[in-house]
Structures are given as structure tokens and as C-alpha cells.
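A short write-up of the structure that comes next.
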Amino acid sequence: MTGNAFINAVSGNTGLLQAVIILAILGFSGAQLIALTARDDADKQFELRLFFAALGLRFLASLAIYEFGFVDVIKDEDATAWLTGAGVYQGWVRRDLSIFNLPYEWTRAFLETLGTLGYPYLVGTVFYLTDLPARLPAAVINNVCGAATAVVVYRAAALHFSRWVAVRAAWWTCIMPSLIVWSAQTLKEPVVIFFEALSIYGCLRLRKRGFSVIGVLLCIFSLLLLVAFRAYAAYIAGAVVIVSLLIPRMETGRNTSMSGVAVGGILALTLLGTGMIADHLTSMEEFDLTRIQEIRDYTARNTGSGVPLEYDLKTPSGFAISLFIGGANLLLAPFPWQLGGASLRMVLTVPDVVIWWLLMLGGCLQGLAWSLRRRPYEMMPILLFLTAMSVLYSITFSNVGLVYRYRATLMPWLLIFSMVGFEQRRLKRRLVKESEAEHIASLQIRPVGTFAP
């Protein structure tokens, strides 16, 4: 990249004023949307507090990273995407495009085979509107997506669990250190996580409440936008949504196949009619187990926190061992033995990892087990999504830092199950106390003349 856009992009101007303006506009717009779609006044008040708290935490983290130099500590190897966005902006300025030309320009992001242009185009659009390729305006977009994800988690949990579970899952999504840090940087993960969460929530809503135009459009809107940011995630989430809707809820007999047909049909027509699916499938067909193993081995050898695995994915035993090791790292890494001689960045993850271990081992496993026993059909979209993404990320595991970031995709849903597990433990303790109290009361209230040793 050359020219003034590149010079400005790497200069000391972080775009604080523009970021504050965008934050105010998007924050107000998000609050209005939450207020309009909240179930009742109590939910509206809670969701607004949650949204602004999450937004404030993430913006403060962005200030620390880009305005006060913390980026020098966590490093900036992932600056490629936002610098590419600066290049996109530079090209639009050079071609003297008007704002009305941008929708057509965005078609490239949807037709790109791997779905990697969405975030640079989003950043380029922000730079076009602010006329300044700087980090903070781009980071604000991720701040908003991260804050909105917490609201989506609350609404998804409230559909099938108690308010106790929903409130705590939402607050943990709000304050979890890793989710704050990812949402404070100029990375595409917060946008991807938000659209994934929105599509799964839309599916849960359709399964719970039956067919609705809003629910169908919510699924389609989020899945189609996800195509531009991470194409394989869009296809996985789309398959999860459609399959979940086509399978009826056995405990109620409710048939949601109409919703599944509507979502699948509109998505298929859109993807086929625009030619997107032809380009995407051609590229995805190249990523068989042999190609995945080549990428995994290369990344393990050429990255600072790489973990070489000498197992052949094309054999059943090699696939199973890779899946087990990758899954363990996906859920719990970095482990204590991986911290020896680790970089400062990895050491800084320790508080977040310790909190996550406590949540995972203290509640999540129990919550998952309880949900599988008691509510498998209600939880089907979440369980299918977690399974599909976990298998993919596990067999491609080759780097501790990368898998730590991938965990953020799963974390919002795992936090819900963690709170389910903690609630079940809480209810069991309450039952024990009530039983003990009843037993003591029965001993104290004895008929007259009853012998008591």
C-alpha cells in the first residue's frame, strides 16, 4: 500500500474524535433498537444497562490499546486486515467514488471465495465516512458488536432458562477479559461472533415461538452478512439453523419445518442467484484433510506458539488423537506447562484462563450434561453449532494463540451452560437446606409424651 492513506494509517493519529462521534451514533442507535425489540420494560432496562456497560468497557480497552500504547505490549501482527481496509479506502478515494457506489463495491466482499474481504471492506467504509484511516474509529465497530453480543446471549438464554441464568450469562459475556480484549481490537472476530450469535438466536426463537417473518429474516440477514466475513462459518451456521428447524420438537410436537424451508429456500435462491455458492464451493473443495494437515503443520512450525502434532488426519487413530488434543487446547489452553518461556502476551492471558477454568470445570460441564438430559431439543441449535465448530477448530489446531482466539466463538454459548450448571448446584444446595430445616422442625414438634432420648 502506498500514498497518503497508508501514511495516515500508520501515523500517530488514532482518530479519537471521530471514534467518539461514531461511538455516540452507534451507541444511541443500538439503544433504540434494543428498546424497540425488548420483551418488556424490565428486560429493556436490563438490556440497556448491559449494552452500555459492555460498550464502555470495550471502548476503554480500545483507548488503552491504541491511544495509550498498550498495543506495543500485545503486539500487532494482526494489523493486516485493517491496513487492507485502509487500502480499500485509498482506492475508493483515488477513483472518486460517491457513497452511492459503495453498495456495488461491497459485492466483491460477498463473492470472494474464502469470505475474508468483509472486514477490510467494513473498515474501509468507516474510513470513507470519517475521511481518516485510523484505528479507534475501526475499533468502535467491534466495541458495538461485542456489546450487542452480550444482549443476544441474554435473550437466547432467557428463551429456555431462568432469568437467573440469563442475567449471569450476559454479564459474564460482558466482563470476560478475553471477550473484552478481542472486541477492543481491529480484528474481524467480534463481527463474526455477533453474526453467528444472531443467527443461532434467530433459530432458537423460531423453534420456541413458531414461524415469524421477523425470525426468518433475522436468520437470513445474519447468515448472508456472515458470508462476507467468514464464509465457512456462514455455511456451518446455516446448516445448523436449517437442520434444527426441519427437526420437530418432540416434547411439544411443534413443527418448525415451515421456518426451515423458508430460511433454506431464500438462502439457496440468494446464493445460487448471485453466483456466490459456486465460487465458495470451488474454494472449499480444496480444503480436504490433506490440505488441512499441510496448513496445520506449516503453522505449527512457523509460529511462536506453534504445537506440532505428528498425527495423520487421514487415519482414524490420527484423526481421533488430533481431535482430542485439539479439543483440549481449544477449551482450556494455555496450560501451565505451555507458559514456560512464554511471551508476555501469553502470560497476560493467565487471569482470563484461570477464570475460564473455574467456569468451565465448575459449571459448564454440569450444565451441558443437564441440558443434554433434560432439554436436548430446545438446545439443539446451540449443541450442533458447538459440535461443528469444535471439531473444525480441534482438527486444525496448531497454535496456542490462534486456538485461544477461536475459543471466543464458542464462549458465549458455553457461558450459558456454565450458568446452568451453577444454577443446578445452587438448587441442590437449597433443597438440602430445606430438607434439613424440615427434619429439624419435625424433631422439634413432637406429640406430648413422646419419648426423646
May I ask you to verify whether residue 109 is modelled with pLDDT under 90, of a type in the set (Gly, Ala, Ser) and over 20 Å from residue 275 (Cβ atoms)? no
Suppose we filter 313, 365, 358 for residues that are more than 19 Å from the chain's Cα centre (by Cα) and in a loop (DSSP other than H, G, I, E, B); which single one remains? 313
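Could you tell me whether residue 325 is open to solvent by less than 60 Å² (accessible area, probe 1.4 Å), free of Cβ contacts under 8 Å to residues at least 40 places away in the same chain and under 26 Å from the mean Cα position of the chain (by Cα)? If you could, list the steps in order and put the result at the bottom.
Working: open to solvent by less than 60 Å² (accessible area, probe 1.4 Å): yes; free of Cβ contacts under 8 Å to residues at least 40 places away in the same chain: no; under 26 Å from the mean Cα position of the chain (by Cα): yes.
It is false that residue 325 is open to solvent by less than 60 Å² (accessible area, probe 1.4 Å), free of Cβ contacts under 8 Å to residues at least 40 places away in the same chain and under 26 Å from the mean Cα position of the chain (by Cα).
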What are the residues in the stretch 153-191 that are surrounded by fewer than 23 Cβ atoms within 10 Å (Cβ to Cβ) and among the aliphatic types (A, V, I, L, M), if any? 158, 159, 166, 167, 175, 176, 180, 187
Is there a residue in the stretch 258-269 that is in a helix (DSSP H, G or I), modelled with pLDDT under 75, open to solvent by 40 Å² or more (accessible area, probe 1.4 Å) and β-branched (Val, Ile, Thr)? no
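Let's see how each residue does on (1) hydrophobic (A, V, I, L, M, F, W, C); (2) free of Cβ contacts under 8 Å to residues at least 24 places away in the same chain; (3) open to solvent by less than 50 Å² (accessible area, probe 1.4 Å):
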position: 79; (1), (2), (3): yes, no, yes
position: 83; (1), (2), (3): yes, no, yes
position: 86; (1), (2), (3): yes, no, yes
position: 89; (1), (2), (3): no, no, yes
position: 93; (1), (2), (3): yes, no, no
position: 103; (1), (2), (3): no, yes, no
position: 108; (1), (2), (3): no, yes, no
All but one of (1) at pLDDT below 95; (2) under 27 Å from the mean Cα position of the chain (by Cα); (3) aromatic (Phe, Trp, Tyr) hold for residue 28; state the number of the condition that does not hold. (1)
Can you name the number of the only condition in (1) farther than 29 Å from residue 206 by Cα; (2) open to solvent by 60 Å² or more (accessible area, probe 1.4 Å) that residue 399 fails? (2)
Matching residues in the stretch 116-150 - criterion: being open to solvent by less than 10 Å² (accessible area, probe 1.4 Å) and over 14 Å from residue 84 (Cα atoms): 136, 137, 139, 140, 142, 143, 146, 147, 149, 150
Go through the stretch 1-24 residue by residue and tally those that are modelled with pLDDT of 95 or more and exposed (fewer than 13 other Cβ atoms within 10 Å of the Cβ). 1
Tally time: how many residues in the stretch 338-374 are more than 17 Å from residue 412 (Cα to Cα) and either modelled with pLDDT under 90 or hydroxyl-bearing (Ser, Thr, Tyr) (or both)? 13
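Picking from 351, 412, which residue would you name as being crowded, with 17+ Cβ neighbours inside 10 Å, at negative phi and part of a helix (DSSP H, G or I)?
So the residue among 351, 412 that is crowded, with 17+ Cβ neighbours inside 10 Å, at negative phi and part of a helix (DSSP H, G or I) is 412.
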Scanning the stretch 202-219 for residues that are touching a Lys or Arg at 6+ places or on another chain (Cβ under 7 Å) and either buried (at least 24 other Cβ atoms within 10 Å of the Cβ) or touching a residue at least 60 places away in the same chain (Cβ under 8 Å) (or both) gives 207, 215
Restricting attention to the stretch 271-286, the residues that are in contact (Cβ under 8 Å) with a residue 12 or more places away in the chain and either open to solvent by 60 Å² or more (accessible area, probe 1.4 Å) or assigned to a loop (DSSP other than H, G, I, E, B) (or both) number exactly 4
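Each row is one residue, and each column tells you yes or no for (1) of a type in the set (Val, Ile, Thr); (2) closer than 26 Å to residue 299 by Cα.
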{"site": "351", "(1), (2)": "no, no"}
{"site": "358", "(1), (2)": "no, no"}
{"site": "372", "(1), (2)": "no, no"}
{"site": "377", "(1), (2)": "no, no"}
{"site": "382", "(1), (2)": "yes, no"}
{"site": "391", "(1), (2)": "yes, yes"}
{"site": "402", "(1), (2)": "no, yes"}
{"site": "414", "(1), (2)": "no, no"}
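The values are calculated or read from the model by the stated rules, or taken from the named source; none is laboratory data. Note that the coordinates shown come from a computational prediction; the quantities given were computed from them, not determined experimentally. Reconstructed Cβ throughout: ideal geometry from the backbone, glycine too, with neighbour counts over all protein chains shown. All accessible areas refer to the heavy atoms of the entire protein, side chains included, with ligands and DNA or RNA removed. Shrake-Rupley method; radii C 1.70, N 1.55, O 1.52, S 1.80 Å.
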